[in-house]
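Just dropping this structure here.
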Ligand code: FES
């Protein structure tokens, strides 16, 4: 086979001289990089992204595997999107990171790529970019942190932070204890320990066939994480020789497997947006409604926070993703091909669950099916909205209440934190202008904090609606991703405080009980906010971002574009 990298390293004259000479200047003999698969190791490493800070170390294990298999590794840094430090939200930069990765792959002498990811957005960004470039690629996620432990109890990332924060507001936890818990929740390298977005996307890349079987759940500090990285380094060299590209792996069948797996693991609502965006890059027709349809007969089997008890370490010990896939094998496309070169069915042969308290059996104690992320429609959300059923309160799934509307998260927080705010628990809290275009970037603020006086009385859930996202570590009866968003004129912009809102989960319906004539009149009076004139990347983002029901990708990035060798300008 002719290697793509040979267009650089085996070129004649001054062009080849230039490429070889400067590569040798890094200390490499030229027989190392000529005639061998050149493997990029795209490491989203940064001290500004704490969940990914160990990925440079992990890259050394990948390199060892590449060398062993007869390839030549080039490690390069990519934009690291740290969920915790970036403002206004890391999601604003997911598409930018994907573009950077795509263009770094396309513009350099690479034959294959290992994608080192971890924190929430880094995994979908890398997959989106590599899918567009369509060179052989394999994902290695950084693994979750060690389990959190605080005063004798196991505590999970995000989930227990939200609980502690409510406990402080309720006056049952002191601010000093709250601070003391900080270093007990986050104890080591790695991403969040709960089935939040990072864990979800790690598991779903495995279900999609992009990550080696059994690797997604392994903790960051477990020696097996390095072993999987080394195996991935070996495997990517073989993938180059087999020319096994994302376009062969990321088929409609693979996405259906991932959608169903997301229900089985109790995965994050953010997976909906990321899978839609990834499918868009792959040119696979996947719609928001597919998530509801495909998820209806799938039980949630994994008992992890935020909706269950355990953390990723226990999930890994119980058998991880292969054990879950084996449990729902009859619902999967078992002939889908994966990065290992084997099918999903071949990979889960012999997969075993070692702890039924962590991964339920469908035969022994069948949980109710269809309790993953459902899709709602109605006159508030004509293009859809999502609700994570397993994270919601059963008594709020059929609810009628008066809306209390906020135009910004700042005005919401200011109002709800007042000790004298008067809110009835039956009210529906509505936040708008927090969608992809409006905020911009669609922040994770949809799990709106409950009114302080009600928290002090012990209330722990209310119906909340927004065009925002929420952290995968969150819980509650929270309707998210309302599309179209308010800032582009979606009907959420027309809801007024005092309107009756009706949520009916059985009918998958979310409506405001206002006549069409009245809504038309409100639309006539509605004026969009002036969000122009910011320039730079934010302007590019606003000019091209798609709505949540299309994955919030850029319109000009849809469809795979491949990896032909760029022109040489020297
Ligand atoms: Fe990085 Fe949760 S903050 S994975």
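Just wondering, is there one or more residues in the range 487-500 that are free of Cβ contacts under 8 Å to residues at least 40 places away in the same chain and over 24 Å from residue 461 (Cα atoms)? It would help to see each step written out before you state the result.
Taking the range 487-500 first, the residues free of Cβ contacts under 8 Å to residues at least 40 places away in the same chain are 489, 494.
From the residues that got through so far, the ones that are over 24 Å from residue 461 (Cα atoms) too are 489, 494.
Yes; the residues of the range 487-500 include at least one that is free of Cβ contacts under 8 Å to residues at least 40 places away in the same chain and over 24 Å from residue 461 (Cα atoms).
Which condition breaks for residue 58 when tested against (1) touching a helix residue (DSSP H, G or I) at 6+ places or on another chain (Cβ under 6 Å); (2) part of a helix (DSSP H, G or I); (3) over 20 Å from residue 193 (Cα atoms)?
Result: residue 58 fails condition (3) only.
Okay, next question. Working only within the range 208-227, note down all residues that are assigned to a helix (DSSP H, G or I) and over 18 Å from residue 119 (Cα atoms). It would help to see each step written out before you state the result.
Of the residues in the range 208-227, the ones assigned to a helix (DSSP H, G or I) are 208, 223-227.
Scanning the range 208-227 gives 208, 223, 224, 227.
For the range 215-242, name all the residues that are within 16 Å of the ligand (Cβ to nearest atom) and crowded, with 22+ Cβ neighbours inside 10 Å. Show your work before the answer.
Within the range 215-242, the subset within 16 Å of the ligand (Cβ to nearest atom) is 216-221, 225.
Correct list: 216, 217, 218, 219, 220, 225.
If you scan the range 302-322, which residues turn out to be buried (at least 24 other Cβ atoms within 10 Å of the Cβ) and closer than 20 Å to residue 371 by Cβ?
Initial filter on the range 302-322 (buried (at least 24 other Cβ atoms within 10 Å of the Cβ)): 302, 304-306, 311-312, 315, 320-321.
Result: 302, 304, 305, 306, 315, 321.
Which residue, of 195, 201, is more than 10 Å from the ligand (Cβ to nearest atom), modelled with pLDDT of 95 or more and within 27 Å of residue 46 (Cβ to Cβ)? Can you show your working first?
Working: 201 fails: more than 10 Å from the ligand (Cβ to nearest atom).
So the residue among 195, 201 that is more than 10 Å from the ligand (Cβ to nearest atom), modelled with pLDDT of 95 or more and within 27 Å of residue 46 (Cβ to Cβ) is 195.
If you go through the range 57-70 one residue at a time, how many are within 17 Å of residue 123 (Cβ to Cβ) and more than 16 Å from the ligand (Cβ to nearest atom)?
Here is the first cut: in the range 57-70, the residues within 17 Å of residue 123 (Cβ to Cβ) are 58-59, 62.
Then drop every residue that is not more than 16 Å from the ligand (Cβ to nearest atom), which leaves 59, 62.
Result for the range 57-70: 2.
Still on this structure, I have one more. Select the strands (runs of 3 or more DSSP E) contained entirely in the range 313-424, then report the ones holding at least 2 residues which are touching a residue at least 24 places away in the same chain (Cβ under 8 Å) and under 25 Å from the mean Cα position of the chain (by Cα).
So the answer is 373-376, 385-388.
Can you pull out the strands (runs of 3 or more DSSP E) entirely within the range 450-526 that have at least 2 residues that are surrounded by fewer than 22 Cβ atoms within 10 Å (Cβ to Cβ)?
Working: elements: 464-466, 478-480, 500-504, 509-512.
Where strands (runs of 3 or more DSSP E) fall fully within the range 450-526 and carry at least 2 residues being surrounded by fewer than 22 Cβ atoms within 10 Å (Cβ to Cβ), they are 500-504, 509-512.
When you go through (1) farther than 24 Å from residue 222 by Cβ; (2) within 16 Å of the ligand (Cβ to nearest atom) one by one for residue 29, which number turns out not to apply?
(2)
Keeping to the range 34-56, report how many residues are within 10 Å of residue 72 (Cα to Cα) and within 16 Å of the ligand (Cβ to nearest atom). Before the answer, list the steps.
Within the range 34-56, the first condition is being within 10 Å of residue 72 (Cα to Cα), and the residues that meet it are 34-40.
Next, only the ones that are within 16 Å of the ligand (Cβ to nearest atom) stay: none.
Total meeting the criteria: 0.
Within the range 176-192, count every residue that is in a loop (DSSP other than H, G, I, E, B), surrounded by fewer than 24 Cβ atoms within 10 Å (Cβ to Cβ) and within 15 Å of the ligand (Cβ to nearest atom). Step through it out loud before you land on a result.
Here is the first cut: in the range 176-192, the ones in a loop (DSSP other than H, G, I, E, B) are 181, 186-190, 192.
With surrounded by fewer than 24 Cβ atoms within 10 Å (Cβ to Cβ) added as a condition, the list becomes 181, 186-189.
Now narrow it down to the ones that are within 15 Å of the ligand (Cβ to nearest atom): 186-189.
Count: 4.
Ok, one more. Can you confirm whether residue 267 is within 16 Å of the ligand (Cβ to nearest atom), in a loop (DSSP other than H, G, I, E, B), buried (at least 17 other Cβ atoms within 10 Å of the Cβ) and touching a residue at least 40 places away in the same chain (Cβ under 8 Å)?
For residue 267, the condition - within 16 Å of the ligand (Cβ to nearest atom), in a loop (DSSP other than H, G, I, E, B), buried (at least 17 other Cβ atoms within 10 Å of the Cβ) and touching a residue at least 40 places away in the same chain (Cβ under 8 Å) - is met.
Quick check on this structure: which one of 212, 208 is in contact with a helix residue (DSSP H, G or I) (Cβ under 6 Å, 6 or more places away or on another chain), more than 15 Å from the ligand (Cβ to nearest atom), modelled with pLDDT of 95 or more and more than 26 Å from residue 388 (Cβ to Cβ)? Lay out the reasoning, then the answer.
Numbers: 208 fails: more than 26 Å from residue 388 (Cβ to Cβ).
Exactly one of 212, 208 is in contact with a helix residue (DSSP H, G or I) (Cβ under 6 Å, 6 or more places away or on another chain), more than 15 Å from the ligand (Cβ to nearest atom), modelled with pLDDT of 95 or more and more than 26 Å from residue 388 (Cβ to Cβ), namely 212.
The values are calculated or read from the model by the stated rules, or taken from the named source; none is laboratory data. Every value quoted in this text rests on a predicted model; they were computed, and no experiment measured them. Ideal geometry is used to build each Cβ from the backbone, glycine not excepted, and the neighbour counts take in all protein chains shown.
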